[in-house]
Amino acid sequence: MKGCLSVHIQGRVQGVGFRYYTQLEAQRLGVCGWVRNQPDGSVEACICGNAESLATMQAWLNHGPNYAQVEHIEFSAGHLPDNCNDFRIV
């Protein structure tokens, strides 16, 4: 059974490979969805997968890649995108 979460991440999360490494981690975990930069300097994502994969992905997103500095993160219920079978940078 798949669940989905919407994620909003603030801090030093642009220009540090955050989207790229998020995609790699999602692919490693079998999570589908997307990630994108926002004009205000934050990053937004939709992550979908089984409960264990989502929990692992949430834990990873709390710190992100080495050069990122996550200052605030919010998770909320999300909706499964149409044809959710991979993870994309949009």
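Observations on the structure shown:
- Taking all Cα pairs closer than 8 Å and separated by 6 or more residues, the relative contact order of the chain comes to 47 percent.
- If only the Cβ of Lys and Arg carry +1 and only the Cβ of Asp and Glu carry -1, the dipole of the chain around its Cα centre is close to 180 debye.
- Approximate spin-label separation E74-N62, in nm, with each point projected 7 Å along Cα-to-Cβ: 1.9
- Judged by a Cβ-Cβ distance under 4.7 Å, the unpaired cysteines of the chain are C46.
- Computed from the C-beta positions of E52 and N85, the FRET efficiency with R₀ = 22 Å rounds to 0.75.
Coordinate-derived values only; no laboratory data. In this text, all values refer to a predicted model and were calculated from it rather than measured experimentally. Neighbour counts run over all protein chains shown; Cβ positions are idealised from the backbone, glycine included.
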